[in-house]
Amino acid sequence: DQTLWVGTYSAGINYHSPFHKSFFYLTSDKFAGIFGKGQEDRYGNMWFATEGSGLFKYNPQTGERHLYPIKPIREGNYEANIIKSILIKGDSIFCATHFGSVYLFSISSQQYKLLYDFKYNDIYSLYIDSRQRLWIPTNSDEGLVVIDGDRQIRTITANGKQRSFSHITQIHEVEPDLFLLGALQDSLYLYDMKKQTVRNLASQLKSLSQSDKIGSITTILQDSKGFFWISTSKNGLYRLNTDFQLVK
């Protein structure tokens with residue numbers, strides 16, 4: 001419907017529709033903290049990660065809104081209910097937390113199940129690739145973990161060496177087994193799983209001054225023409241062309 005949804009810093013959700021109300025403000029009746037990126041489920045509900053109250057659900061048809069905390073909301077449980085990112089697949093919502101764990105929330109039963117616990121720090125995003133592998137960019141010593149069936153892959157062979165990826169923030173599959181991996185500190189990797197190669201595309205920007213460093217990669221999106229758009233924490237927006245050249 002061309003509706004723009006905007007999550008705010010500790011103050012609910014706004015949306016703007018070109019066809020209906022010019023602007024609408026949506027919030028929870030209880031404190032929910034910072035709202036993260038939202039996603040629509042197959043039933044038409046919008047789900048948002050909150051930093052302090054678990055999942056927030058909004059039904060645009062009925063106006064119903066509801067919080068689903070991981071732990072009961074009470075003093076001392078704030079950090080346990082910080083969800084950094086969500087990923088909806090069918091009836092389930094994968095939830096990555098501030099404490100380095102991944103839960104699976106069932107929309108039908110409204111219950112959480114702990115899947116993985118890496119016990120350390122934020123997980124900024126989750127990704128399911130074309131082969132149905134779950135990518136978990138942990139900030140623990142295990143780095144980027146790929147769940148392939150019953151296997152947990154923590155190291156890869158690239159450029160003739162065994163290595164792992166640390167401090168990854170964003171993942172996007174360019175084509176089967178070819179991935180863009182955005183990181184916390186001035187790095188955007190192109191990882192070819194088939195050819196077992198990796199290169200840091202941000203090295204194209206080494207001629208820039210310290211003030212022009214890109215910082216962390218906060219979003220990777222692809223448009224209909226094949227260009228990738230990279231948002232950064234320190235230096236605005238970049239475009240990655242189809243030949244993998246970065247343009248500010």
For segment 94-248, whose charge dipole is built from +1 on Lys and Arg Cβ atoms and -1 on Asp and Glu Cβ atoms, the candidate among Phe99, Leu114, Phe179 with its Cα farthest towards the positive end is Phe179
Per the C-alpha gyration tensor (a ≥ b ≥ c, the square roots of its eigenvalues), segment 154-193 is rounded if a/c is under 1.5, else prolate if a/b beats b/c, else oblate; here it's oblate
For segment 122-219, fraction of C-alpha pairs farther apart than 22 Å, in %:
25 percent
Using a 7 Å offset from Cα along Cα-Cβ at Gln185, what residues in segment 210-248 end up with backbone N under 12 Å from the label point?
215-216
Just how large is the dipole of the chain about the Cα centre, in debye to the nearest 20, putting +1 at every Lys and Arg Cβ and -1 at every Asp and Glu Cβ?
320 debye
Express in nm, to one decimal, how much length is gained between Arg42 and Ser106 on full extension, taking 0.36 nm for each residue of separation and deducting their alpha carbon distance.
21.7 nm
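Can you pull out the trypsin sites (Lys or Arg not before Pro) in segment 37-100 whose DSSP state is coil and whose Cβ has at most 14 other Cβ atoms within 10 Å? Let's see the in-between values first.
On the way: sites: Lys37, Arg42, Lys57, Arg65, Arg74, Lys84, Lys89; in loops: Arg42, Arg74.
Here the trypsin sites (Lys or Arg not before Pro) that fit, given the DSSP loop and packing criteria, are Arg42, Arg74.
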What distance in nm separates the simple spin-label points at Leu237 and Asp192, each placed 7 Å from Cα in the Cβ direction?
3.0 nm
Nitroxide proxy distance, nm - points 7 Å out along Cα→Cβ at His66 and Ser203:
5.2 nm
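Which pairs in the list Lys57/Lys119; Lys37/Lys234; Lys37/Lys71 are over 23 Å apart, alpha-carbon to alpha-carbon? The partial results should precede the final answer.
Numbers: Lys57/Lys119 27 Å; Lys37/Lys234 20 Å; Lys37/Lys71 21 Å.
Long pairs (Cα-Cα over 23 Å): Lys57/Lys119.
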Can you work out the PRE-style zone for Phe31? Point 7 Å along Cα to Cβ, and I want the residues of segment 38-71 with backbone N under 11 Å.
52-53
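Laboratory data are not the source of any read-out in this text; all were calculated from the coordinates shown. Note that the coordinates shown come from a computational prediction; the quantities given were computed from them, not determined experimentally. Glycine also receives a Cβ, built like all others from the backbone with ideal geometry; neighbour counts cover every protein chain displayed.
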